[in-house]
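So the structure is just underneath, and the comments pick up after that.
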């Protein structure tokens with residue numbers, strides 16, 4: 001079962017930084033940083049705290065274990081007032097070292113989820129409960145850049 005708490009990690013855009021690419025980047029006005037997996041979430045009115053409690057018992061534990069295993073550099077959640085009914089109110093952000101760090105990450109996190117959440121039935125049950133309290137509006141991976 002594909003993990004529903006990591007939808008943006010399922011979109012794998014990989015780039016290898018070769019010496020020739022590094023030479024090309026020397027003329028750029030920025031340097032490349034880490035890669036962030038971003039999940040855009042809209043919680044159901046009145047259920048935001050319920051969703052956050054659920055994240056604290058599962059998503060946080062799974063991500064912390066990923067951090068211990070060196071898969072994740074950091075993670076955070078940003079909260080905002082949505083500007084429309086179809087706008088996000090929570091961003092789930094997970095930072096990895098680079099694009100190459102995404103290679104094979106789904107399988108590694110599936111193993112962590114099996115240990116923390118349980119097998120496919122337990123994960124499906126959790127996903128079903130979360131459908132009632134939130135919608136995943138989308139996800140993407142983005143690379144941090146630093147202006148020179």
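Listed values, structure above:
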| item | result |
| --- | --- |
| Top-ranked residue of region 63-84 - restricted to ones that are in contact (Cβ under 8 Å) with a residue 40 or more places away in the chain and over 23 Å from residue 143 (Cβ atoms), ranked as nearest to the chain's Cα centre (by Cα) | 65 |
| Number of positions in region 76-95 that are buried (at least 17 other Cβ atoms within 10 Å of the Cβ) and over 20 Å from residue 133 (Cβ atoms) | 2 |
| Scan of region 96-147 for residues that are surrounded by fewer than 13 Cβ atoms within 10 Å (Cβ to Cβ), without any contact (Cβ under 8 Å) to a residue 40 or more places away in the chain and outside any loop (DSSP other than H, G, I, E, B), ordered by number | 107, 111, 121, 125, 128, 131 |
| Test: residue in region 78-94 that is within 23 Å of residue 68 (Cβ to Cβ) and assigned to a loop (DSSP other than H, G, I, E, B) | no |
| Selected residue (criterion: farthest from residue 104 (Cα to Cα)) from residues of region 8-59 that are at pLDDT 95 or above and touching a helix residue (DSSP H, G or I) at 6+ places or on another chain (Cβ under 6 Å) | 43 |
| Search result, residues across region 39-51 that are surrounded by fewer than 18 Cβ atoms within 10 Å (Cβ to Cβ) and either assigned to a helix (DSSP H, G or I) or in contact with a strand residue (DSSP E or B) (Cβ under 8 Å, 6 or more places away or on another chain) (or both) | 44, 47, 48, 49, 50 |
| Odd one out for residue 75, checked against (1) in contact with a helix residue (DSSP H, G or I) (Cβ under 6 Å, 6 or more places away or on another chain); (2) not in a strand (DSSP E or B) | (2) |
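The values are calculated or read from the model by the stated rules, or taken from the named source; none is laboratory data. None of the values given here were measured: they were computed from a predicted structure. When we count neighbours, we look across all protein chains shown, and the Cβ atoms used for this are built from the backbone with ideal geometry, even at glycine.
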